[in-house]
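Okay, so here's the structure we're looking at.
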Amino acid sequence: MAGAVLRAFEERRHLIVEAGTGTGKTLAYLVPAVAAAAARGGRVVVSTGTKNLQEQLMEKDIPFLQRVLPRKFSAAYMKGRGNYVCLSRLKRAEHSPILDGLDDVDYFDAVRRWSRDSQTGDRAELAELPESLSFWRHIDARSEICTGQKCAEYDACYVTRMRQRATDADIIIVNHHLFFADLALRGGEFGQVIPDYSAVIFDEAHQVEDVAAEYFGAQVSNFQLEDMLRDLQMLPITDASLNRELTRVANRVGRFAEQFWMGFAREARADEGRYPIVPGTFARKGHGGEIEATPLGDAYLALDGALQRMETTLDALREKPPEVENLIRRIRESRFNLEFIVAGDDRRYVYWVERRGRGTFLRASPIDVSTLLQDKLFDRVETVVLTSATLASAGSFDFIKQRLGLAPETDESDREGGGAGKTDELVASSGYNYEEQAVLYLPPRMPEPRSPQWAERAAAEVVELLNISQGRAFVLSTSLSGMRALYERVHGEVDFPCFVQGSMAKAGLLERFRTTPNAVLFATASFWQGVDVRGEQLSCVVIDKLPFAVPTDPVVAARQRFIEEQGGSSFYEYSVPQAIITLKQGLGRLIRSATDRGLLAVLDPRLRTASYGRLFLQSLPPCRITSDLRDAAAVFESELAGG
Ligand code: SF4
């Protein structure tokens, strides 16, 4: 793998590598990256999907290489801007009511004291404060609130300093969210923080499509509008009559925004989740065939009118401090995005709403990011390396290449013409001996997942498996309801401590799992990837059903429709390869070191009965497959014999 990465750098090509767990993947790309940064004199960005991996690179792999490599190099760590405190907003917040209760007063004081001495301004340093500080979003350094070089705190600003450190570094470690937020802003005046680079390595690259889609779309939320109103109140304007006028326009926006969001909650269901914005939500044909605004459409028009009034009032100010200019820019952007989403007529986008906690987020996401990525990334950056333990399905990279817009093989003349370069491919198989270390158990005679008997049979299988593995297991479900149902049926039937996702924060739950002997964790999607439990504490991974993406999800449905409209089969070209990659992720939780042993179980009979099941089986690690529980138990025999 290191050789292939080095060649990709030297020949300025792109590379896609599936590198199973235990291959030493991070070192295999970091060493050539250091060599390439030195040889080319350009920076190399390494982007990860999860925080865990970002920390592993910065705290373990990079310091190790800095010690052992003869060539000295520097590395910088950049998180999303929302992790850093904005000194300018912090100052203003001291004089404005952003605190909700007495606890907040203490926490705010602690943040203020910390910000005077912190070297990084990264909130991770505030480990003793709660994870969700209610006022953090009023003082963070998000790009849309930043006034850039016009800010009085620009030189002292933690984001400026972070950028400076990155500018001086050979290797810059970021995550996909920061990378794509930055890529979407490139060429604009504000918000771009990652210095120019000549190569990018995406680790955990199977997540790239979803993250990219998030940042190349449009979004408006109730929080965004609330933040604007709050920032309006904090503007440094001393003229009393002007302030009265601004309060009036802000009140109008506040009133119409509330009506709009309430209308949305009624229209688009009240429960949490992601829903499509269906045609006719804002306007529909009347009896005479003319287009009429719906009540929600009227609420939008009233809100847009109020926002426009706010914009023109601010725009008319003779003196415009940077905060005012920033606010005008944000109002324009919100109006533009809102108009785009309400019109909903660009067929390249899917329009949807997400309700989460107190938040309502209206979004338009590109259905297909391949052209965008080709234009903005693969055609512009000389070398892009995509790697992950799970990128291939049934031995082929076609799915991921197609989804991301990685050019098919082109000849040299195409390259000279400016097209994306060739993409090399490599499967670096795992460094583990799966035949020795793992057994895949497929229970005999399981009913179909839709059958009413499935849940009871699945629970009985889980109980037997847990007794064999003595707990020490992840039971992973494809849905929350499936997870709860299995937990309810199983936890009273076994003598092992059972934990269930949602009972506490993810990090705390993992810690309890790691430190409780013979524990069992019931969980869903967020535990399928990026979770690392080494050793005997995790000896069994049970997966309830083949993890097909939920077809009711608006983004998934739009992607499937798009493929069908192009004459393809959304099932074979999207659903199956995507589910294979997810299943490989889930099963990959089990064997995390050369000495781990364990039992994998998939309770979905379609793996053997459906015609596509063979594609899944071909893609799994080459371990022994059995339908006999005693045979499955044998994987632990050498472990028990060894003590
Ligand atoms: S430069 Fe931007 S992020 Fe930094 S302190 Fe000023 S406004 Fe905040």
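The values are calculated or read from the model by the stated rules, or taken from the named source; none is laboratory data. None of these values were measured; they are calculated from a predicted model. Counting neighbours? That spans all protein chains shown, and the Cβs are built from the backbone with ideal geometry, glycine included. SASA here: full protein model, heavy atoms, side chains in, ligands and nucleic acids out. Shrake-Rupley method; radii C 1.70, N 1.55, O 1.52, S 1.80 Å.
For the pair Ser429/Gln308, report the inter-label distance in nm, with labels modelled 7 Å from Cα in the Cβ direction.
Label at Ser429, label at Gln308, 6.6 nm between them.
Calculate the spin-label point distance for Ser396 paired with Ala124, positioning each point 7 Å from the Cα along the beta-carbon direction, and give it in nanometres.
So the two model labels end up 4.0 nm from each other.
5 Å is the cut-off here: which amide hydrogens, built 1.01 Å from N in the peptide plane, fall below it relative to Asn175, excluding neighbours closer than 5 in sequence?
Hits under the 5 Å cutoff: Thr48.
With each pseudo-label sitting 7 Å past Cα toward Cβ, what's the Arg489-Ser241 distance in nm, one decimal?
So the label points at Arg489 and Ser241 sit 7.4 nm apart.
How much length is gained if the chain between Asp210 and Arg332 is pulled fully straight, taking 0.36 nm per residue apart and subtracting their Cα-Cα distance, in nm to one decimal?
Stretched out fully, the Asp210 to Arg332 stretch lengthens by 41.3 nm.
Per residue of the range 342-352, in order, report the coupling 6.51 cos²θ - 1.76 cosθ + 1.60 (Karplus, θ = phi - 60°) as ³J(HN,Hα) in whole Hz, putting x for Gly and Pro.
5, 5, x, 10, 8, 5, 7, 10, 10, 10, 8
Over 27 Å between Cα atoms: which of Lys25/Lys401; Lys25/Lys422; Lys506/Lys545; Lys72/Lys584 fall into that group?
Details: Lys25/Lys401 20 Å; Lys25/Lys422 22 Å; Lys506/Lys545 22 Å; Lys72/Lys584 37 Å.
Correct reply: Lys72/Lys584.
Relative to the longest principal axis of the C-alpha atoms of the chain, give the angle of the C-alpha long axis of helix 102-117, reported between 0 and 90° and rounded to the nearest 10°.
90
When only Cα pairs under 8 Å and 6 or more residues apart are kept, what is the percent relative contact order across the range 85-139? All intermediate terms of the calculation are to be shown ahead of the outcome.
Values: 28 pairs, mean separation 33.5, N = 55.
After rounding, I find 61 percent.
Given the convex hull over the Cα atoms of the range 497-620, what projected area results after averaging over all orientations, in nm²?
That works out to 8.9 nm².
At 0.36 nm per residue, minus the direct Cα-Cα distance, what do Val105 and Asp375 gain on full extension? Give it in nm, one decimal, please.
92.4 nm
By a straight-distance test (C-alpha under 18 Å), which lysines pair with Lys79 as possible cross-link partners, with residues fewer than eight away in the same chain excluded?
Cross-link targets: Lys51, Lys60.
Once amide H atoms are placed 1.01 Å from N in the peptide plane, what residues at a sequence separation of 5 or more from Ile625, or on another chain, have their amide H within under 5 Å of its amide H?
Result for Ile625 returns Leu440.
Nearest-5 percent of antiparallel DSSP beta bridges in the chain? Before the final figure, lay out each step's value.
On the way: 22 of 70 bridges.
Looking only at bridges with both residues in the chain, the antiparallel portion is about 30 percent.
Using a 1.4 angstrom probe with every protein chain in place, what is the largest-first accessible-area order of His177, His206, His287?
The residues order as His287, His177, His206, largest area first.
Report P(r) for the chain: all Cα-Cα distances, bin width 20 Å, range 0 to the bin holding the largest distance, values in whole percent.
Result returned by the calculation: 17, 47, 32, 4, 0.
Kindly state, to the nearest 0.05, the FRET efficiency for Glu59 paired with Arg347, given R0 = 30 Å and r defined as their beta-carbon distance.
On the way: r = 46 Å, r/R0 = 1.52.
Efficiency at R0 = 30 Å is approximately 0.05.
Given a cut-off of under 8 Å on Cα pairs at least six residues apart, what relative contact order in percent is computed for the range 557-643?
Details: 37 pairs, mean separation 19.0, N = 87.
Across the range 557-643, relative contact order equals 22 percent.
Reachable lysines from Lys320, Cα under 20 Å, same-chain residues fewer than 8 places away excluded?
Lys320 reaches Lys91, Lys150.
How large is ³J(HN,Hα) for each residue in the range 560-577, as worked out from phi by the Karplus curve 6.51 cos²θ - 1.76 cosθ + 1.60 (θ = phi - 60°), to whole Hz, x for Gly and Pro?
5, 4, 4, 5, 4, 5, 7, x, x, 9, 5, 5, 7, 8, 10, 4, 5, x
What is the extension gain from Ser627 to Glu153, computed as 0.36 nm multiplied by their sequence separation minus the C-alpha to C-alpha distance, in nm to one decimal?
164.1 nm
How much solvent-accessible surface does Arg113 expose, in Å² to the nearest 10, with a 1.4 Å probe and all protein chains in place?
Result for Arg113: roughly 140 Å² accessible.
Near the amide H of Ile367, under 5 Å away, which other amide H atoms are found, from residues 5 or more places off or on another chain, if H is placed in the peptide plane?
The list, which skips near neighbours in sequence, is Tyr349, Val350.
Remind me, relative contact order of the chain in percent, using alpha carbon pairs under 8 angstrom and six or more residues apart?
Rounded, it is 17 percent for the chain.
Which FRET efficiency value, to the nearest 0.05, do you get for Arg7 and Ser569 by plugging their Cβ-Cβ distance into 1/(1 + (r/R0)^6) with R0 = 45 Å?
Values: r = 35 Å, r/R0 = 0.78.
Given R0 = 45 Å and the Cβ-Cβ separation, E is 0.80.
Which ³J(HN,Hα) values in Hz, rounded to whole numbers, follow from the phi angles of the range 85-90 under the Karplus curve 6.51 cos²θ - 1.76 cosθ + 1.60, where θ = phi - 60° and Gly and Pro get x?
7, 9, 5, 5, 5, 4
Whole number in Å², please: accessible area per residue of the chain, 1.4 Å probe, ligands, DNA and RNA not counted. Don't jump to the answer; show the numbers that get you there.
Numbers: 29330 Å² over 643 residues.
Accessible area per residue: 46 Å².
Looking at the chain, which longest stretch skips every one of the GluC sites (Glu not before Pro) that is in a DSSP loop with at most 16 other Cβ atoms within 10 Å, leaving the sites themselves out?
Counting only loop sites that pass the neighbour cut-off, the longest clear stretch is 494-643.
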